[in-house]
Structures are given as C-alpha cells and as structure tokens.
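Here the structure is laid out as structure tokens; the discussion comes afterwards.
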Amino acid sequence: MSPQTTSSPAPHAGPPAGPPTGPSAGPFNFAAYLLEVNQARPQATALIDDRSTLSYGELDRQVRACAAALRATGLKREDRVLLLMHDSHEWVVSFLGALYAGVVPVAVNTLLTAQDYAFMLQHARAQAALVSAALLPTLREAMALATADAGNEVQRVVVSGQMDGAPHLAGETPWAAFMAAGGESGAALQAAPARTHADEPAFWLYSSGSTGRPKGTVHTQANLYWTAELYARPVLGLTDKDTVFSAAKLFFAYGLGNSLSFPLSVGAAVVLMAERPTPPAVFQRLKGETATLAGRKPTVFYGAPTGYGGMLAQPTLPERREVALRLCSSAGEALPRDIGERWTARFGCDIIDGIGSTEMLHIFLSNRPGDVRYGTSGTPVAGYEVEIRGEDGLPVPPNPDGSIDIGDLFIRGPSAALMYWNDRAKSRDTFQGSWTRSGDKYTRDADGYYTYAGRNDDMLKVSGIYVSPFEVEATLVQHPAVLEAAVIGTTDAEGLTKTKAFIVLKPGQSLTEEEVKAFVKERLAPYKYPRLIEFLPELPKTATGKIQRFKLREKEAAR
C-alpha cells in the first residue's frame, strides 16, 4: 500500500464504545509491573547505553537496590527527587527505583540553565537530586540560587559518572556508594514495592515553557501503563524482538514512552544515547556502529520533524541496506508531508506521525503502519476520544461530507495528568472534567483524518479568514532550497494582519522573496501566501525542537 494513499475509513471521533480495561482505582505500582512481566527473560538485553549493556535480570536487581537506597537516605513516600541525568542505565534505574519505592521522580530537561533548575527545585520542593557528573556544576549553581531565595530543600545529591577528579561536597554521594547502601540487605528490605495506588501521583514532567514558566505536570502510576497498552502494542506493534532508539530524550513525555515504558512493557531492547541527537550520532546508532551495539541495529526509531528534516539535509545519508528499520515515529510538531515522503523513499519504511502532549503523556492521534497519510496526524488511538470545539466551547458540527472545520482540539483518555502543581487556574483551564484542552487547532477531513492547524495563539485571521501558519510552513519546506520555515502574523501601519515567513535556507542555496511568494501561490489559496519574507540563519526553538513563534512575534513588535 502506498504511504500516501490509503483506504478511507468512516469518519470517526474516537474508539469503539466501551472503556478500556486495566489498572483500576486500586493498588498498582508501574515499576513492579515492569519487573514482573520480564521475570521470564532475565538474560535478555534491556538497555544499551554508551558504556555497556544491562540485562532484564540486572535491571530488576538494580531497580530494587535503588529503591532501597532512596529509602535508606531518609526519603519517604511521596517525597520528590529531582532527576537531572543524561540518558543512561542510571536514568532508567533511578526513575523506576523511585516509582518502586513510592518516591516521586521529577524528570527535568538537561539543556536548561541554573536559573531554570533553581525554579524547579523551589517549585517541586525536591528533597534529593540524582544528577549526571557533567551536570553537577549547574545543579550546584541552581542550589545556591535556590538557597539564596530560601527555597532549597535538597538534603542529598547522588552523582552518576566520573567527576574528573573534582571533590564531592557535603551531601554529595557517588552513584556506586549510593547503590551499595541498597545492596543485598537493602534489596531485601525493598523486596516488595511500595503499595502505591493506580491514581496516586507517581512522577512529574515539566512542560517546555515555550511561552513562560514551565508547568509541573503531575502523572499517576497507571498513566504509564495506559500509554504502553493503547499505543505501543496496537499501533507500534512492539515485541521482544525489537531494538528501539529514540532521538527524543527520556525527560520528554515522548521519549519516556519511547525508551522506557513502551519497550520495557514488551521485553524489547533500548538504545540510550547521552549526547545530542545530531544527524551523525543518530546515523551511527541506526547503523549499529557503536562499541556497545556491536552491529545490533535498531528496528524502530523515534524522532521529531526537525530531526528528520535535518537528517535528510545531510550530504551523505545511510543506504537503505545499512539500516534495519521496520518503522519510524514522529511527534512534537506536525510532520510536513514532503519530509515523510522523502524519508520513506530513502529508507523504505513509514514514519507514523502523531500528536501527543505532556498533559496526555504520549500520542493520542496517530497514523498507522500501512495506513499513513502524510500531512495529517491520522486518527484517534483506540481508548481515546477527541473533539474539535468552536469558540463557544461546543463541538464544531460536521459539514455535509463529514469534514470538520478549524477548532480547538480536546481529548479524553485514561493517561491524562492530574493537574499542574500549585497552579489551580491553569489546571482548570486545561483539565476540564474528563476532557483535556490541548491548546492545538485542528481540522478533520471527510475520511476522518485529523490535520494540525497550529497552536491557539499562533492562528492568524487574514481578511477575516483563518489561516493556519503550519499549512503555509508545510508548503514552504516543499521548496528544494528551504530547510525550515516559521510563519507569524504581523500588523501593518493600517492595523491589518499580514502573514510573514521566516525562512532558513539549506547550505549553498539561494532564493528571492518573489520566488517564495510565487511558489506558495501555486499551491495554496491566494490569500494564504506570506506577504513578507525574511531569511534567517536559524529559527528560535525550545529544547524539544519546537519553533518558538512567540519570539519571532516579539522581534516584530520590537521593530
């Protein structure tokens, strides 16, 4: 079946009737669940990082020891611990060890500043921190900033990795010494998991903060189970025969599913990479060329649109025969059709684009293997319901052909977060009863496929008609000279909104403003073409690779 043309299912807004079955309102510990489902494969490879491999049997022992060590440091049930680590065995062991002990890991982005971490330490009131040695200086600075503001409650810092001879300060413990405290005697004390509840707060993830302070998003023990059960198994088709590799890091909701809850739920092997996911670093792992991979090649790869575009722009790409990919996934932002088609033509496998969120933990709208319509986010994942609502808060009525015009996307499903910590107003705005407001604009076509139209604050109204900036951007990147593009609205001298495109060209390419306008006019309705063009060396982005259009708007306002 062609990746661009598929059979047309009946229009639908959600899964078949009937709630999914799984952990209910009762005792459930996700870490214990993972260890139990893998008891029969102790010798199978679980994790492959930059230094070594870890079997499922070793993972079991280390998670239990970590849980015992956390409790031995004086941490109690529901205490919070900051998790500031590069992707590694220790990250996975720390996260699962905390869940097993009933301690709440607060997983944070490794690319932020000391000021950001100071805010998170204060906001989360973390009692301890688990940190990679390379990030320890930044954490120390953050703790000093938080202390100056009387907001640091960290009593113990556990340091993973080599410190290059630098001395440990008071309260800092090397990883090996920390784990020794949860050794044979400690592991026996932690033989049984904490008796946590399925709906109990289990871990936090911070939003990217692309428009302000990040929000502490509180998730439950059961939420991890639901994303694996509803997406990893039926959509990705993951099995214990797969080796998975995610360019998105573990501290992202997307990466947490990709590299932890999904593969470990089915006994697959996980490739972890501490360094930035540059195209050369990604290619090296897809080809199985690192020392720890030793020729073992990932069968499933997870990336983001920016990453796929950057890889396709490289002068040298791996040949199809050099990789073993059966499937690729994309999320974070909508995948432009051109990028998806070029990737499939090169490597012979689909990219199943979808949309998820920190608030819903993972993907709830997705294309399917063998049923891909590039340029759309696919259809609802079974177990989730979606609605497109108008400005009045009511569902937008379908057109006669079954399509639905632009509106706000709302989702209902079992993996929704509980709240934003200490932010009642934003919690109420986002978590509305059983529904979650995504903040995204969407349309639905006559066949039931959903198409991204932009964030709520990104939508433009030009001459009284809504224009989706993403639609214009997706058209611009089809030009062979364009690497990336971002479109915003700018106000002219008469107070009218005009579209402006910021464009990053591929190396060695050139393009004029008139050529850009003509290219868009040939492909979209005439009123949608950008009236203003500006070429930039790069676009402002969040740590997740999402374009920060608000910074472009600020730049325009300053003019």
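The values are calculated or read from the model by the stated rules, or taken from the named source; none is laboratory data. Just so we're clear, the structure is a prediction, and the values are computed from it rather than from any experiment. All Cβ positions, even for glycine, are placed from backbone atoms using ideal geometry, and neighbour counts span all protein chains on display. To get the accessible areas, we keep the full protein, side chains included, count just its heavy atoms, and leave off ligands, DNA and RNA. Shrake-Rupley method; radii C 1.70, N 1.55, O 1.52, S 1.80 Å.
Treating only the Cβ atoms of Lys and Arg (+1) and Asp and Glu (-1) as charged, compute the dipole magnitude of the chain about its Cα centre; round to the nearest 20 debye.
340
Quick one: which residues, 5 or more positions from Ser329 or on another chain, have an amide H under 5 Å from its amide H? H modelled 1.01 Å from N in the peptide plane, none for Pro or chain starts.
Residues meeting the criterion, in which the H sits 1.01 Å from N, are Phe301, Tyr302, Gly303, Ile352.
Remind me, relative contact order of the range 199-356 in percent, using alpha carbon pairs under 8 angstrom and six or more residues apart?
Relative contact order comes out at 16 percent.
For an R0 of 30 angstrom, estimate the FRET efficiency from the Cβ-Cβ distance between Thr239 and Leu536 and round to the nearest 0.05. Mind dumping the intermediate values first?
Numbers: r = 44 Å, r/R0 = 1.46.
With a Förster radius of 30 Å, E is 0.10.
Accessible area per residue, 1.4 Å probe, Å², for the chain: what's the number?
On the way: 22480 Å² over 559 residues.
Dividing the accessible area of the chain by its residue count gives 40 Å².
Suppose every K and R has +1 on its Cβ and every D and E has -1 on its Cβ; what is the size of the dipole of the range 241-395 about the Cα centre, in Debye to the nearest 20? Intermediate results must be reported in sequence, preceding the final value.
Working: 16 positive and 16 negative charges, 166 e Å.
The calculated dipole for the range 241-395 is roughly 800 debye.
Would you grab the residues whose amide H sits under 5 Å from the one on Leu483? Only those 5+ places off in sequence or on another chain, please, with H modelled 1.01 Å from N.
Sorted by chain and number, the residues that satisfy this are Val504, Leu505, Lys506.
Could you work out the helix-only [θ] at 222 nm for the chain, with each DSSP H run of four or more residues adding -39,500 (n - 2.57) and the total divided by the number of residues, to the nearest 500 deg cm²/dmol? Intermediate values should be presented prior to the final figure.
Working: 17 runs with 151 residues, N = 559.
After summing the helix terms and dividing by the residues of the chain, the value is -7500 deg cm²/dmol.
For the range 63-191, state the average projected area of the convex hull of the C-alpha atoms over all orientations, rounded to one decimal in nm².
Working: hull surface 28.3 nm².
Quarter of the Cα hull surface area: 7.1 nm².
Could you please state, rounded to a whole Å, how far the C-alpha centre of the range 89-108 is from the C-alpha centre of the range 109-125?
18
Between the range 49-72 and the range 308-362, how far is it from one alpha carbon centroid to the other, in angstrom?
32
Take the Cβ-Cβ distance between Ala345 and Ser510 as r, set R0 to 30 Å, and report the resulting FRET efficiency rounded to the nearest 0.05.
Details: r = 26 Å, r/R0 = 0.85.
Efficiency at R0 = 30 Å is approximately 0.70.
Roughly how many whole Å is it from the C-alpha centroid of the range 235-295 to that of the range 481-529?
The range 235-295 and the range 481-529 have Cα centres spaced 36 Å from each other.
Which residue, Pro305, Ala248, Pro193, has the largest displacement toward the positive end of the dipole of the chain when charges sit on each Cβ (Lys, Arg +1; Asp, Glu -1)?
Of the candidates, Pro193 comes out farthest on the positive side.
Starting from the eigenvalues of the Cα gyration tensor, five times each then square-rooted, give me the equivalent ellipsoid semi-axes of the range 354-452, largest first, whole Å. Don't skip to the end; give the middle numbers.
Values: eigenvalues 113, 56, 18 Å².
Listed largest to smallest, the semi-axes of the range 354-452 are 24, 17, 10 Å.
Rg(Cα) of the chain divided by 2.2 N^0.38 Å?
On the way: Rg = 23.6 Å, N = 559, 2.2 N^0.38 = 24.3 Å.
Normalised by 2.2 N^0.38 Å, the Cα Rg of the chain equals 0.97.
Taking the Cα centre of the range 38-92 as origin, sum charge times position over the Cβ atoms of Lys and Arg (+1) and Asp and Glu (-1), and report the length of that vector in debye to the nearest 20. Don't skip to the answer; put the middle values down first.
Working: 8 positive and 8 negative charges, 65 e Å.
That gives a dipole near 320 debye.
Please compute the modelled spin-label separation between Glu391 and Glu319, points set 7 Å along Cα→Cβ, answer in nm with one decimal.
5.8
Place +1 on the Cβ of every Lys and Arg and -1 on the Cβ of every Asp and Glu in the range 29-113, take the dipole about the Cα centre, and give the residue among Leu35, Ala72, Leu96 whose Cα lies farthest towards its positive end.
Value computed over the given set: Ala72.
At Glu289 and Arg424, where each label point lies 7 Å from the Cα along Cα→Cβ, what is the point-to-point distance in nanometres?
Result: 5.7 nm between the two label points.
For the range 364-508, what's the relative contact order in percent, using C-alpha pairs closer than 8 Å and at least 6 residues apart?
On the way: 256 pairs, mean separation 23.1, N = 145.
Once normalised by length, the contact order is 16 percent.
Could you list, in their original order, any pairs among Lys441/Lys500; Lys241/Lys541; Lys506/Lys546 whose Cα atoms are separated by more than 24 Å?
Values: Lys441/Lys500 19 Å; Lys241/Lys541 36 Å; Lys506/Lys546 19 Å.
Where the Cα-Cα span goes over 24 Å, the pairs concerned are Lys241/Lys541.
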